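> Starting off with a structure, shown below.
The values are calculated or read from the model by the stated rules, or taken from the named source; none is laboratory data. Keep in mind that this is a model prediction, so the values were computed, not measured. Positions of Cβ are backbone-derived with ideal geometry, glycine not excepted, and every protein chain shown enters the neighbour counts.
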Amino acid sequence: MRIPDKTSASVMQAFRTLHKKYEEHWNDIFKTITTDNGSEFADLSNLEEVSNTLVYYAHPYTSCDKGSVERHNGLIRRFIPKGDRIDNYSLQEVIDIETWMNTMPRKQLAYHTPDEIFERELDNIYQAA
């Protein structure tokens, strides 16, 4: 989801949009969120007040606290080099990168794709309801 800027208000608006999409199953889908200590994430802890989602902030300069995030950043850097502004890329280019990443089989997922795993989990959540 593209956000207009790196403010905490924009990040929270993006989460509100996600919350509307998955409202009744939010707590089953978003159990935890791990992020860094950037000011754009300053208000994320407010999610804990309105849901069961736990927010974890990584220690500064400790990329091992969020290994999978760093792995994804490395994959994104194949297309958007460090130092390039993401807003220099079209929405379609960003969607293409996202699609590539989410349809790439991962050893960590027993060679399934993130899309496959997410859809399977959504099916389980919605069927249990």
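> Does Gly67 satisfy the condition of being small (Gly, Ala, Ser) and touching a residue at least 24 places away in the same chain (Cβ under 8 Å)?
Spelling it out, it is not the case that Gly67 is small (Gly, Ala, Ser) and touching a residue at least 24 places away in the same chain (Cβ under 8 Å).
> Inspect the range 28-39 for any residue being aromatic (Phe, Trp, Tyr) and either surrounded by fewer than 11 Cβ atoms within 10 Å (Cβ to Cβ) or within 13 Å of the chain's Cα centre (by Cα) (or both) and give the result as yes or no.
yes
> Could you pull out every one of the helices (runs of 4 or more DSSP H) wholly within the range 36-129 that has 1 or more residues that are at positive phi, of a type outside the set (Gly, Ala, Ser) and in contact with a helix residue (DSSP H, G or I) (Cβ under 7 Å, 6 or more places away or on another chain)?
Per the criteria, no element qualifies.
> Then there's this: So for the range 53-67 (the condition being surrounded by 14 or more Cβ atoms within 10 Å (Cβ to Cβ), among the hydroxyl-bearing types (Ser, Thr, Tyr) and modelled with pLDDT under 90), does at least one residue qualify? If you could, list the steps in order and put the result at the bottom.
As a first pass, look at the range 53-67 and keep what is surrounded by 14 or more Cβ atoms within 10 Å (Cβ to Cβ): 53, 55, 57-58, 65-66.
Next, only the ones that are among the hydroxyl-bearing types (Ser, Thr, Tyr) stay: 53, 57.
From the residues that got through so far, the ones that are modelled with pLDDT under 90 too are 57.
Within the range 53-67, one or more residues are surrounded by 14 or more Cβ atoms within 10 Å (Cβ to Cβ), among the hydroxyl-bearing types (Ser, Thr, Tyr) and modelled with pLDDT under 90.
> Something else now. One residue is enough: does the range 12-34 have a residue meeting the conditions part of a helix (DSSP H, G or I), among the aliphatic types (A, V, I, L, M), farther than 24 Å from Asn124 by Cβ and in contact (Cβ under 8 Å) with a residue 24 or more places away in the chain?
yes
> Scan Ile86, Ile95, Ile80 and give me the residue that is outside the structural domain of Thr7 (by TED's automatic domain parsing) and closer than 23 Å to Ile117 by Cβ.
Ile95
Table: residues versus (1) surrounded by fewer than 13 Cβ atoms within 10 Å (Cβ to Cβ); (2) closer than 16 Å to Arg2 by Cα; (3) among the charged types (D, E, K, R).
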{"residue": "Leu18", "(1), (2), (3)": "no, yes, no"}
{"residue": "Glu49", "(1), (2), (3)": "yes, no, yes"}
{"residue": "Arg78", "(1), (2), (3)": "yes, no, yes"}
{"residue": "Asp87", "(1), (2), (3)": "yes, yes, yes"}
{"residue": "Asn102", "(1), (2), (3)": "no, no, no"}
{"residue": "Ile117", "(1), (2), (3)": "no, no, no"}
{"residue": "Leu122", "(1), (2), (3)": "no, no, no"}
